[in-house]
Amino acid sequence: MNLSDIVVLQVIPRLNSGGAERTTLEIAQALTRVGAKAIVVTEGGRLADDICTAGGEVIKLPVASKNPIRIIANIWKIRKIIRDYGATLVHARSRAPAISAFFAARWQGVPFVTTYHSTYSQPRREPFKSIKNFYSSIMARGDRVIANSHFIGNLIAQRHQTGNDRVRVIYRGLDSTYFDPEKITPKAVAAMCAQWGVDENDRVVLFPSRISPTKGQMVVIEAVAQLGPALKQGLKVVLPGPELATPDYIALLQQRIGQAGLGDIVKLVPECRNMPVAYLAADVAIGGSLIRPEAFGRTAIEAQGMGCPVIANQEGGPAETVLDEDAVGVDAFTGWLIPPENPVALAVALEKALSLTPAERARLRTRARAHIMTRFNADQMRIDTLAVYDELLGCDLAVFYKKIVKQASL
């Protein structure tokens with residue numbers, strides 16, 4: 001099969017700012033670079049233009065809907081897209097659209113790939129647990145099932161009894177050209193601080209996760225409340241994105257911030273869309289949920305890639321990406337792993353991070369970026385994903401992409 005004959009159809013609810021969305025874009029970029037065609041079926045989002053700029057095509061369908069009637073209707077619509085565009089492989093990245101994509105792909109006789117992007121939490125009680133597990137099982141029904149961490153690979157095996165012959169662990173990767181500290185000017189960092197209402201001399205704790213009870217902003221507030229007066233002096237805790245959160249939860253956070261006397265320390269700021277600058281403006285970042293295990297933990301590798309010390313949940317994907325001080329020692333660590341829902345442990349980790357000397361911080365910055373660029377770079381993720389497509393299509397997408405990467409590095 002010629003590479004120009006390969007048409008990969010990715011299906012994702014929306015194209016906004018999450019890890020699944022950015023991975024969709026990165027795979028579309030890789031496909032077009034080797035001469036294949038990339039199509040993305042989605043409801044839209046701000047990354048849609050980037051797909052088109054990369055040479056891909058975006059087709060808008062209401063695939064975010066969980067309405068059974070809509071899901072069934074989408075089977076016929078996606079099947080028509082597969083037929084009209086000559087799609088040779090379908091790759092689904094979320095449950096509701098995966099149901100439609102699965103039946104459409106089977107109907108047209110093309111390979112079906114899924115990426116298990118989340119832990120897909122389950123109710124504790126039956127029959128709700130069984131129903132939710134059945135709903136999530138569509139993500140384990142691909143001809144190949146991509147897990148974005150070994151943690152997720154093990155979860156798939158335990159929950160769905162999916163064999164290793166179909167599961168491929170592929171870590172998400174960091175785009176080294178976008179997350180590049182050398183491209184960020186001091187002026188850009190100063191502008192970010194000004195947007196946050198933070199002085200450049202302040203010590204900044206950044207928690208760039210969606211503001212939600214499942215992420216753990218309340219744990220951060222409780223931890224900061226436990227810090228001593230010296231550490232609180234000149235400290236700012238930045239929580240981006242209150243406009244995207246539920247008003248009730250924001251009100252609850254603001255109430256607790258006031259009760260703890262942290263009104264001058266904890267700042268709720270608008271959503272940040274320039275994360276490379278944000279990480280350079282921070283002294284320490286909290287990577288991912290402090291409540292539930294993260295499937296992978298994109299913010300943890302982003303922070304490390306920008307040389308920012310990171311604190312993350314010891315359960316889930318970050319345990320595979322963060323080099324914990326207690327595990328690897330003071331000469332090799334890139335952050336701290338702490339138990340979930342533990343403000344005491346978070347307070348201890350914050351004290352360590354905020355107490356780093358300039359020399360210690362500089363050494364950490366160098367080794368953290370090297371760690372991420374070596375093991376979690378975007379090109380390796382692209383190569384590994386294209387290799388999965390190769391397994392099913394009998395082609396050489398990964399080989400050609402490797403050549404492109406090698407030539408670009410010369």
Checklist entry - Quick one: in the range 1-26, which of the residues that are in contact (Cβ under 8 Å) with a residue 40 or more places away in the chain and assigned to a helix (DSSP H, G or I) is nearest to the chain's Cα centre (by Cα)? => result Gly19
Next on the checklist: I need the full set of residues from the range 177-191 which are over 25 Å from the mean Cα position of the chain (by Cα) and of a type in the set (D, E, K, R), in order please.
Outcome noted: Lys187
Next on the checklist: If a residue must be outside any strand (DSSP E or B) and out of contact with any Lys or Arg (no Cβ under 6 Å at 6 or more places or on another chain), how many such residues does the range 27-60 contain?
Outcome noted: 20
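Looking at this structure, is Arg382 basic (Lys, Arg) and surrounded by fewer than 20 Cβ atoms within 10 Å (Cβ to Cβ)?
no
Could you please find all residues in the range 49-58 being of a type in the set (Val, Ile, Thr) and surrounded by fewer than 17 Cβ atoms within 10 Å (Cβ to Cβ)? Can you show your working first?
Going through the range 49-58, the residues of a type in the set (Val, Ile, Thr) turn out to be 51, 53, 58.
Scanning the range 49-58 gives a single hit, Thr53.
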Next on the checklist: Among the residues that make up the range 63-79, is at least one of them touching a residue at least 24 places away in the same chain (Cβ under 8 Å), assigned by TED's automatic domain parsing to the domain that holds Leu392 and closer than 23 Å to Leu386 by Cα?
Outcome noted: yes
Checklist entry - When you scan the range 215-329 for strands (runs of 3 or more DSSP E) that lie fully inside it, which ones turn up with 1 or more residues that are within 19 Å of the chain's Cα centre (by Cα) and under 30 Å from Thr374 (Cβ atoms)? => result 235-240, 284-287, 310-313
Checklist entry - In the range 224-275, which residues are closer than 27 Å to Ala190 by Cβ, surrounded by 15 or more Cβ atoms within 10 Å (Cβ to Cβ) and charged (D, E, K, R)? => result Lys232, Lys236, Lys267
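Tell me yes or no: at least one residue of the range 7-16 is farther than 26 Å from Lys132 by Cβ and either surrounded by fewer than 23 Cβ atoms within 10 Å (Cβ to Cβ) or polar (S, T, N, Q) (or both). Break it down into steps so the answer makes sense when it comes.
Pass one, the range 7-16, residues farther than 26 Å from Lys132 by Cβ: 7-9.
After this cut, where a residue has to be either surrounded by fewer than 23 Cβ atoms within 10 Å (Cβ to Cβ) or polar (S, T, N, Q) (or both) as well, the list is 7.
Yes: the range 7-16 contains one or more residues that are farther than 26 Å from Lys132 by Cβ and either surrounded by fewer than 23 Cβ atoms within 10 Å (Cβ to Cβ) or polar (S, T, N, Q) (or both).
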Next on the checklist: Given (1) in contact with an Asp or Glu (Cβ under 9 Å, 6 or more places away or on another chain); (2) among the hydroxyl-bearing types (Ser, Thr, Tyr); (3) free of Cβ contacts under 8 Å to residues at least 40 places away in the same chain, identify the lone condition not met by Thr385.
Outcome noted: (3)
Checklist entry - Out of Pro318, Pro270, which single residue is without any contact (Cβ under 8 Å) to a residue 40 or more places away in the chain and out of contact with any His (no Cβ under 6 Å at 6 or more places or on another chain)? => result Pro318
Item to check | Test result for Glu341, modelled with pLDDT of 95 or more and on the phi > 0 side of the Ramachandran plot | outcome: yes
Item to check | Of residues in the range 385-410 being of a type in the set (Val, Ile, Thr) and surrounded by 20 or more Cβ atoms within 10 Å (Cβ to Cβ), the one farthest from Ala30 (Cα to Cα) | outcome: Val388
Checklist entry - Does any residue of the range 238-248 turn out to be in contact with a strand residue (DSSP E or B) (Cβ under 8 Å, 6 or more places away or on another chain) and among the acidic types (Asp, Glu)? => result no
Checklist entry - buried (at least 21 other Cβ atoms within 10 Å of the Cβ) and not in a helix (DSSP H, G or I) - does that describe any residue in the range 180-195? => result no
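The values are calculated or read from the model by the stated rules, or taken from the named source; none is laboratory data. Just so you know, these numbers come straight off a predicted model, no measurement behind them. Cβ atoms come from the backbone with ideal geometry, glycine included; neighbour counts cover every protein chain shown.
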